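None of the figures in this text is laboratory data; all of them are computed from the coordinates on show. Remember, predicted model here, so these are calculated numbers, not experimental data. So basically every Cβ, Gly included, is an ideal-geometry build from the backbone, and we count neighbours across all protein chains shown.
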Amino acid sequence: LHKLKPNTGDEAKPTLFIKIRQFLANFSAHYESKRKQERYDKFFKQREISFLHDLHRLRDIIQRRQSKVVFCHNDLLIHNIIHDDKTDSISFIDYEYADYNYQDFDIANHFCEYAGVEDFNYSRCPDKEYKREWITKYLIYYLERKPTKDEVDNLLDGNNIFEAAAHFFWALWALVQSQISTIDFDYLDYAVQRYELFQKCMLKCD
């Protein structure tokens, strides 16, 4: 998937900040439900959280990194990864969010998805050694050769800021869903959890 090239020959633009700005444009801090409003205000409003400030801070760090832009799935949670027992092969489904994006984001977001959704538990996410092994195997396929230590370290070093980006992305997505979705799921609580994880990751990036 990451080897696909743009048909136009032009440099592809990453969708990350385009989508984040769309989420911000589609979200209002005012809820029809009094209970939801109180919960939103208790966490976000009372802490004087500025999503635009967070966005600019995140963007500045990521732009300094100069991550490679490739065609990404952008939503590789467990339900979107299918294993065929007969052929021992893996395929992806649900390309709703697929677009050109930072290579680091697709990898870091996948690691975040180990936590699950319905029963979100970040302790399930892989440790540094697992990530190193995973990235090494990924690069063998992506580069079609054995990667150097520096190439592995480069992707591993970018993992924290892009995990922060993934948490911020899905926190804002969940806030939008908390206002428009009819699905029986506590999107507001999910947004709070992802935003708290975003803050923790950003502390390591300063």
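Once fully extended, how much extra length lies between ILE49 and ASP189, figured as 0.36 nm per residue of separation less the alpha-carbon to alpha-carbon distance? Let's see the in-between values first.
On the way: separation 140, 0.36 × 140 = 50.40 nm, distance 1.61 nm.
Going from the current span to full extension adds 48.8 nm.
In what sequence do THR87, THR148, THR15 fall when counting other Cβ within 10 Å, fewest first? Can you show the working numbers first?
Details: THR87 8, THR148 11, THR15 19.
In order of increasing Cβ crowding within 10 Å: THR87, THR148, THR15.
Could you order peptides 189-199, 164-174 by the average number of other Cβ atoms within 10 Å of their residues, highest first? Write out the running numbers ahead of the final one.
On the way: 189-199: 19.5, 164-174: 24.5.
Ranked from most to least packed, the peptides come out as 164-174, 189-199.
P(r) of region 97-201 in 10 Å steps, Cα pairs, percent per bin?
Histogramming region 97-201 at 10 Å steps yields 14, 42, 30, 12, 3 percent.
Give, in nm to one decimal, the length gained when the segment between LYS200 and LYS42 is fully stretched (0.36 nm per residue of separation minus the Cα-Cα distance).
Gain in length upon complete extension: 55.0 nm.
Dipole magnitude of region 84-147 about its Cα centre, charges +1 at Lys/Arg Cβ and -1 at Asp/Glu Cβ only, in debye to the nearest 20?
500
Would you mind checking which residues have amide H under 5 Å from VAL69's amide H? H placed 1.01 Å from N; only 5 or more apart, or other chain.
HN-HN under 5 Å from VAL69: GLN103.
Exposure proxy check: PHE185, PHE51 ranked by fewest other beta carbons within 10 Å?
Starting with the residue having the fewest Cβ neighbours, the order is PHE185, PHE51.
Starting from the Cα coordinates of the chain, work out the convex hull volume and express it per residue in Å³.
151
Quick one: helix 16-26 against the long Cα principal axis of the chain, what's the angle to the nearest 10°, folded into 0 to 90?
20
Nearest 10 degrees, 0 to 90: what angle lies between the long axis of helix 103-112 and the longest principal axis of the chain (Cα atoms)?
Helix 103-112 sits at roughly 60 degrees to that axis.
Taking the Cβ of each residue in ILE82, ILE183, ILE161 as the centre, tally the other Cβ atoms inside 10 Å and list the residues starting with the fewest.
Numbers: ILE82 11, ILE183 6, ILE161 23.
So the residues, fewest neighbours to most, are ILE183, ILE82, ILE161.
With each run of n ≥ 4 DSSP H residues scored as -39500 (n - 2.57), what mean residue ellipticity at 222 nm is computed for the chain after dividing by its residue count and rounding to the nearest 500 deg cm²/dmol?
One gets -16500 deg cm²/dmol as the mean residue ellipticity at 222 nm.
Distance check, please: which entries in LYS5/LYS131; LYS19/LYS131; LYS42/LYS131; LYS149/LYS204; LYS36/LYS204 exceed 28 angstrom between their Cα atoms?
LYS42/LYS131; LYS36/LYS204
Would you kindly derive the ³J(HN,Hα) couplings of region 117-130 from the backbone phi angles with the Karplus curve 6.51 cos²θ - 1.76 cosθ + 1.60 (θ = phi - 60°), listing them in order in whole Hz, with x for Gly and Pro?
For region 117-130, the Karplus curve yields 10, 4, 10, 5, 8, 5, 5, 6, 5, x, 7, 5, 5, 4 Hz.
Using the Karplus curve 6.51 cos²θ - 1.76 cosθ + 1.60 with θ = phi - 60°, work out ³J(HN,Hα) for each residue of region 41-55 in order, rounded to whole Hz, and write x for Gly and Pro.
4, 4, 8, 8, 6, 5, 8, 6, 6, 10, 5, 5, 4, 4, 4
Over region 110-161, what portion of Cα pair distances is larger than 19 Å, expressed as a whole percent?
The calculated P(r) of region 110-161 puts 33 percent of pairs beyond 19 Å.
Could you tally the net charge around LEU156, taking each other residue with its Cβ under 11 Å from the Cβ of LEU156, Lys/Arg +1 and Asp/Glu -1?
So the environment of LEU156 carries a net charge of -3.
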